[in-house]
Amino acid sequence: MYLGRMKESYHLCFTSHDEVMFRDAEDHGMFLNILALRGFSLETEVECEAEMSTHVHMNAFTAQPGRFAGQVRMSYTKWFNAKYGREGRFGEKYTFISKVEGFYHQLVVFSYILRNGLHHCAAATAFGYPYCSVREQFAGDLGMAQEVAGHWSKEEMASILPRYSEFPDEYQMTPQGVFLRRSFMEIRKVEQYYATPRGYLYQMNRLTDESWSREQMQDQTGPPVTLRDVEQADENTVAQLLKNESGRNFKHGRMQDLDVCHLIDHDLLPGYGVQSVYQLTATQKQRIARQLFYEFHLPEHQIRRCLVMG
């Protein structure tokens, strides 16, 4: 409870369309660590999340959604800026905050968040996207391989986190130093909305149609939540997301943003004598952009955000 306010459920989202938010797996891991730390310090229950290249979705049960989202963003921005020699605010200024009321409304928001990798063509199914809590629900029943805990002491864990980080004894880390989702997220609470593993599989694989809206009308708590609401997208973008939902648009050989960033950061940057893409001149970025376009046949919008060309 915060200043007399009761905890409520919120869908939170922030975006960065001009530059990728995560350039490698370490970035994803640090974001997850910050999510766990800020959730603990602000008495916020993190229920589910999906970290995409240009935006992050999460659902949190909290009395202070704005403060929680703001501290997560600020902490991650400080870490990212220090790692890459970057300055300034990261991403669009606005943070989307929407209170979620009603069983069916909540079920739909959970499902849209957990299916985000599928909607953005980052995987052939919702379960194929790793930077999301989708594999945590009913993991044992569905035969999902779970990350194992490393042999860390609490002092060792604290040594790789931002200074003065506090966290409870039950938090565990992977051998790579990332908090296990199941040790700090409300996995069981989310599972209760799906009731059974079969119910969960159904929701992760059903196609979006009018039945989603009709089911939410049973809550009598307001208009139904749609994919357009969750993604804050125009009609053309929503139409593309719905096409991706079938899984037919996903191609295993297509380079994702993490692949492109790895190519830039590890294969191309050394030839320019810099440590970070943020140290490249405009002329150098144009040269690399041409190489990515003609040699790797990458789309312009992907090149621009991975090279931070604005």
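None of the figures in this text is laboratory data; all of them are computed from the coordinates on show. These numbers were taken from a predicted model, which means no experiment stands behind them. Ideal geometry is used to build each Cβ from the backbone, glycine not excepted, and the neighbour counts take in all protein chains shown.
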Excluding residues fewer than 8 positions from Lys99 in its own chain, the lysines with Cα under 20 Å of it are Lys7, Lys189
Excluding residues fewer than 8 positions from Lys243 in its own chain, the lysines with Cα under 16 Å of it are Lys251
Return the aspartates and glutamates within reach of Lys154: Cα separation strictly under 15 angstrom, same-chain partners fewer than 8 residues apart disregarded; answer none if there are no such residues.
Glu166, Asp169, Glu170
At a threshold of 8 angstrom on Cα-Cα distance, excluding pairs fewer than six apart, so keeping six or more, what relative contact order does the chain reach in percent?
23
Relative contact order, percent, of segment 141-246 when contacts are C-alpha pairs under 8 Å separated by at least 6 residues?
17
Note to self: C-alpha centroids of segment 229-261 and segment 15-43 sit apart, in Å, by 21
Quote the convex hull volume per residue of segment 1-129, based on C-alpha atoms, as a whole number of Å³.
108
GluC sites (Glu not before Pro), restricted to segment 131-211: which are DSSP loop and have at most 11 other Cβ atoms within 10 Å?
Glu166, Glu170
Please give the residues of segment 226-246, grouped as numeric ranges, whose backbone N is less than 19 Å from a label point set 7 Å along the Cα-to-Cβ vector of Asp209.
226-228, 239-246
Net dipole in debye of segment 257-306 [+1 Lys, Arg Cβ; -1 Asp, Glu Cβ; about Cα centre; nearest 20]
260
